[in-house]
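The values are calculated or read from the model by the stated rules, or taken from the named source; none is laboratory data. From a predicted model like this one, the values you see are computed outputs, not experimental measurements. Note that each Cβ is placed from the backbone with ideal geometry, even for glycine, and that neighbours are counted across all protein chains shown. Protein only, heavy atoms only, side chains kept; ligands, DNA and RNA dropped before computing areas. Shrake-Rupley method; radii C 1.70, N 1.55, O 1.52, S 1.80 Å.
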Amino acid sequence: MIETIAAQTYSELIRIRGSVQGVGFRPLVWRLAHQHKIRGEVLNDEHGVLIHVQSTAKNIEKFLAALQQSTPAQARIDSLTREKLKTEKKLDGFSIAASHHGSSRTEVLPDLACCPDCIRDFLDPDNRRYLYPFTSCTHCGPRYSIIHDTPYDRENTSMQAFKMCPSCLNEYNDPDNRRFHSQTNCCPQCGPQYWIEDNNSRLHYTHASIFQFASQALNDGKILAIKGIGGFHLICDATQEKTIARLRKLKQRPHKPLALMAACLTAIKKYVFINQTQVQQLNSTAAPIVLLKTDGQKLPENIAPGLNRLGFMLPYAPVHHLLFHYFTKPLVVTSGNAASSPLCADNHEARQRLTTMCDFILMHDRAILHPVDDSLVQTSGSYVQTIRRSRGLVPQSIDLPEGFQSSPDVFALGAEVKNTVCQIQHQRAKVSEHFGDLKHAGIYQSYRDYCGEIISHAATQTTIAVDTHPSYFSSRTGETLALENNLTLEKIQHHHAHLCAVMLEHGIARDASQLLGIAFDGIGLGNNQSAWGGEFMLLNYQSFERIASLQAVALPGGNMCASQPWRNTVAHLEHALGWQSVMEKYSQLDIVQYLHTKPTQQVLSMIQQELNAPPASSTGRLFDAVAAAIGLCRDEISYEGQAAMQLEAIASPNETRLYPFAFIKQDSIDRICWKGLWQGILDDLSVQLDSSIIAAKFINTLTTATCRMTLALRERHHFDTVVLSGGTFQNMRLSKKLYDALEGKGLSVLRPARFPCNDGGIALGQAIITTARHNS
Amino acid sequence: MTQRITLHHGSGGLSSTRLIEKLFYKHFDNPLLREGNDQAQFSVPVKQLVMTTDSYVISPLFFSGGNIGSLAVHGTINDIVMSGARPLYLSCGFILEEGLLLDTLESIVISMTEAARAAGVAIITGDTKVVERGKGDGIFINTTGIGYLKGNTRISGNQARPGDAIILSGTIGDHGIAILSQREGLELSSDIVSDSASLDSLVADMLDVDCDIHCLRDPTRGGLAATLNELCRQSNVGMLINESSIPVNQGVRGACELLGLDPLNIANEGKLVCICEAQHAEHLIEKMQAHPLGRQSCVIGEVVSDSGQLVRMNTVFGGTRIIDWPDGDPLPRIC
């Protein structure tokens, strides 16, 4: 009797949600079903994976246990729910059924770096994929960049154009093959192809020898545009200074550091120091660019002028491995676009836009549907900070913390530069790829198209979130979208958004008690139209109170201060000591002499007359002011953060001294006053102290002042946790020192990690604040 | 004499009458005004009239290239002629601050007279009020203008069509920067002069050319950026302009760089933007260049189809930037 019951047949529907498509999940289910004598079928649908099982209760339990144990590395199960079905007729075998379509809740996977098995395949002369640059399997290959709709099936990707040949189809249908149901499966006979053109669209090579040809061209100092996973790259030999100079000129990118790629870790180690955390990052499936301290052999200075770190990544697409099969030196691998243009990802566009910047174009005939830049991270000890979150990391979403269970849908439009957008749906937040600076017409165009697409699919009660700055292109886009679609609009303060993004990624619950946020950046619009950028605020997700800040100093010329560091030096010296007294006591100083060659008097008049010289409590401009004072980037910078990055790069690592600072009251809040700092810097300059020491003393001062201010605030306000964010915290010395100091005082410190502390993280913060305010 | 305006001058009593007769009648002098009524009566020869009004508040009152008076006449005449109309008459309302020097007022009135005469326009009615010291900025002026349209002129901001040429009549930013250059300590280049001028004769010349002019507008407050954005919105089109084609005086460029201002956002008072059929542009420019106020006329770009109504500019660095609506007025109270 007991036997009969145990052997009784049950039917169940098993629903699995999460990142479960495009990772070999269905093949795994198929294999396990056969192993455990399960009948039924498995399919992808808009919710994830649905398994219909029929077997004994014991077999089903064993099957499910095995499934959860052997979840593929790239997969993530968010939930598994089971529903018993009424007795039904006996099913025949177990199969993978066609996908069901509908409105999508399933997650698209990020692009995955080429796996070791595939590398072996295309480097094996006996393999039918020998030297084939589109080799992939269920563990690797493009995903997000080639998909236009869910579920993840070939017909919803740009692989749809390529019909599998019989050999590929056999693999696709063979459950024991790692290409079983691999949607990107293809081979030289049936898949996409690479070819090489010169910059007059003249075809050169179409077969495998293009990589030899390309390698030779690189050796000869040529610049190549090469279509990869997320778009085109411009590449050249990283050991040829002249070629790099030419590339910079063509790209109109005079100083911003260029990314590098080398064949393997050993090749990278020739030039930089790498620790274990960095190795993990380099080897991860996202294969980001990792900033690494120079050490060992030197590469040309014009790769990263004035900096002491190089951004390296490892080959992540077969085409990269094939290039390094022939080319033995590191490569400069920078995004395929002119400065201020969007990443080029289309062949036609490449012929128009890239031909002036390169000698040859290596392109292929598989469309890139979502252009994605390379992601960029930096590390300090085991701390990993994402600076640009794009290829390999998007569109991975993040769970909302506790308390957000009934959250409404939100679409947040981000900030102005380094723009990303963020969608909250079904208690998850999904941040988009990096768009860039929206005032550039091409970038804005892609941004607007993307936003329009999202809104057209969004729920009717979606709330739109924008920055409080009325003239950000993102704010205006959001306002228009809200107006046109009759949606609620929420305006979010810039630094509040910075900080809440970090709270979200650390899982701070919705009703957690208030925290202290420290937001240091260039400029964000504060209350009463004032410019903020060095703020201490008590906050939760719903609201904030600004309780302290850096002292506000004029920005003579407004935005011009962000590109001409010397203006900030004038404004800070005038504010701290008075220009007159600086001239009297320090007239012999190089910086004072330099400022005499600039229209300093006129700038001072602008400050006195408040003529386009708004006061700002900006940390970024303080860095600029100090950098220019010690001789860095005085005239003009060509990329955001240049002066601050160079200052960090030269700062002497072992210096522990600092300059005096003071706390004062201004506009009824506590302010850090830099009078002592400036006095100290000028005195040090007078005795010709090395600028590396001054730079270090400055960062030490900022760190200590911030820490002391925090402790002073703690005496009057209740908080145990401090959140750090804002672009200034890309300064790893500041970030680390402040973290250590605050933790040392018993505070718990949250730092931005998976999402950028720069404006790339704003959208996430806007979204979660809006959700908190609208949560029922 | 340092006679000053007192509250009595606005009382409607004898002082008011004296002021009107000794100053306004004397200078503005014309038969309609001389009738001394509370209104001016006149007949017009055509069916289609054009009317506009504008108020002028500016500090300083006198600047290189003009003063608030000439500006108040030029500005309103220009608003009339941007419809293709001939200007006829102006009204003029003064709000004077107690303590204003009578001599100052007279210079302003003389400038108005000269500006109006040059354009063949009569100031035929007016009003004067005086506010207490501290409640005005010396003088505020309102002018209303009336003009008439000949024939079937159909020039309007909603007439721009993709493919049209965008013509600019000369350098931009001169007026706004001239106002700023009066500020102490800035020591801006001394050759920065306001372009304040009446565009009636330039427009008359342009209308003589056999071509389709779709839009005319003078880029005053908010500068060229605001004007182009307005036209895009009205006509539901986009624009693509070239930075290298837009004339900017060297002094203005330098001042803008120093002040962190964009010449595209700075006010002009004697320039116009003309949108016309591309094929007629060359001919029109020839005519414009023959006029003293249009010597530097040139095509700065073209109208394109764009439901987003964006003004885009190819920059001298090779990028393409969006030209946004100016963010309020970076220079408070300049026109």
Being farther than 26 Å from residue A:425 by Cβ and of a type in the set (Gly, Ala, Ser) is the filter; apply it to the stretch A:47-72 and report the residue that is nearest to the chain's Cα centre (by Cα).
-> A:70
Of all residues in the stretch A:444-467, how many are buried (at least 24 other Cβ atoms within 10 Å of the Cβ) and either in contact with an Asp or Glu (Cβ under 8 Å, 6 or more places away or on another chain) or of a type in the set (Val, Ile, Thr) (or both)?
-> 4
Aromatic (Phe, Trp, Tyr) and buried (at least 24 other Cβ atoms within 10 Å of the Cβ) - does that describe any residue in the stretch A:693-701?
-> yes
If we ask which residues in the stretch A:547-574 are touching a Phe, Trp or Tyr at 6+ places or on another chain (Cβ under 8 Å) and part of a helix (DSSP H, G or I), their number turns out to be 4
For residue A:449, indicate whether it is within 14 Å of chain B (Cβ to nearest Cβ), over 26 Å from residue A:526 (Cα atoms) and among the acidic types (Asp, Glu).
-> yes
Give me the pairs, please: first residue somewhere in the stretch B:236-256 and more than 23 Å from residue B:302 (Cα to Cα), second residue anywhere and modelled with pLDDT of 95 or more and of a type in the set (Gly, Ala, Ser), beta-carbon distance under 7 Å, and either six or more positions apart or on two chains.
-> B:252/B:173; B:256/B:173
Name every residue in the stretch A:662-694 that is touching a Ser or Thr at 6+ places or on another chain (Cβ under 7 Å) and within 23 Å of residue A:545 (Cβ to Cβ), in order of residue number.
-> A:669, A:671
Within the stretch A:159-197, the residues that are in contact with a strand residue (DSSP E or B) (Cβ under 8 Å, 6 or more places away or on another chain) and outside any loop (DSSP other than H, G, I, E, B) are A:194, A:195, A:196, A:197
Residue A:718 vs (1) in contact with a helix residue (DSSP H, G or I) (Cβ under 9 Å, 6 or more places away or on another chain); (2) open to solvent by 10 Å² or more (accessible area, probe 1.4 Å): all pass except (1)
Can you tell me which residue among A:158, A:182 is open to solvent by less than 70 Å² (accessible area, probe 1.4 Å) and modelled with pLDDT under 95?
-> A:182
Mind checking which residues of the stretch A:238-250 are crowded, with 23+ Cβ neighbours inside 10 Å and either over 25 Å from the mean Cα position of the chain (by Cα) or assigned to a helix (DSSP H, G or I) (or both)?
-> A:244
Check A:429, A:482, A:465 and return the single one that is outside any strand (DSSP E or B) and of a type in the set (A, V, I, L, M).
-> A:482
The stretch A:571-603, subset of a type in the set (D, E, K, R) and within 14 Å of another protein chain (Cβ to nearest Cβ), residue nearest to residue A:623 (Cα to Cα) = A:574
Mind listing whichever residues of the stretch A:383-423 are at pLDDT 95 or above, more than 19 Å from residue A:464 (Cα to Cα) and of a type in the set (S, T, N, Q)?
-> A:385, A:386, A:390
Any helices (runs of 4 or more DSSP H) falling wholly within the stretch A:660-776 and containing at least 2 residues that are touching a residue at least 40 places away in the same chain (Cβ under 8 Å) and closer than 30 Å to residue A:590 by Cβ | A:675-686, A:691-716, A:732-744
Within the stretch A:432-446, restricting attention to residues that are more than 11 Å from chain B (Cβ to nearest Cβ) and not in a helix (DSSP H, G or I), which residue is nearest to residue A:509 (Cα to Cα)?
-> A:432
Could you check, for the stretch A:596-610, whether at least one of its residues is within 19 Å of residue A:676 (Cβ to Cβ) and not in a helix (DSSP H, G or I)?
-> no
The correct count of residues that are open to solvent by 30 Å² or more (accessible area, probe 1.4 Å), under 25 Å from residue A:139 (Cβ atoms) and either within 14 Å of chain B (Cβ to nearest Cβ) or out of contact with any Pro (no Cβ under 8 Å at 6 or more places or on another chain) (or both) in the stretch A:295-346 is 1
Taking first residues from the stretch A:188-211 that are open to solvent by 60 Å² or more (accessible area, probe 1.4 Å) and second residues anywhere that are in a loop (DSSP other than H, G, I, E, B) and modelled with pLDDT under 90, the pairs with Cβ under 7 Å that are 6 or more apart or on different chains are A:193/A:206
Within the stretch B:269-291, is there a residue that is within 14 Å of another protein chain (Cβ to nearest Cβ), of a type in the set (D, E, K, R), open to solvent by 10 Å² or more (accessible area, probe 1.4 Å) and within 24 Å of residue B:177 (Cα to Cα)?
-> no
All strands (runs of 3 or more DSSP E) inside the stretch B:84-203 with 2 or more residues being within 15 Å of the chain's Cα centre (by Cα) | B:86-97, B:139-148
What is the residue count in the stretch A:609-629 for residues that are surrounded by fewer than 24 Cβ atoms within 10 Å (Cβ to Cβ) and either more than 18 Å from residue A:559 (Cα to Cα) or touching a Pro at 6+ places or on another chain (Cβ under 7 Å) (or both)?
-> 1
Selection status of residue A:741, modelled with pLDDT of 95 or more, under 29 Å from the mean Cα position of the chain (by Cα) and of a type in the set (A, V, I, L, M) = yes
Selection status of residue B:137, closer than 15 Å to residue B:284 by Cβ and in contact (Cβ under 8 Å) with a residue 40 or more places away in the chain | no
Options A:249, A:242: the member that is farther than 30 Å from residue A:132 by Cβ and without any contact (Cβ under 8 Å) to a residue 12 or more places away in the chain | A:249
Near pairs, Cβ below 6 angstrom, 6+ apart or cross-chain, from the stretch A:300-315 (acidic (Asp, Glu)) to any residue that is at pLDDT below 95 = none
If you go through A:721, A:701, the only one that is under 23 Å from residue A:382 (Cβ atoms) and β-branched (Val, Ile, Thr) is A:721
Tell me which residues, restricted to the stretch B:230-264, are within 11 Å of chain A (Cβ to nearest Cβ), buried (at least 16 other Cβ atoms within 10 Å of the Cβ) and of a type outside the set (A, V, I, L, M).
-> B:238, B:254, B:256, B:260, B:262
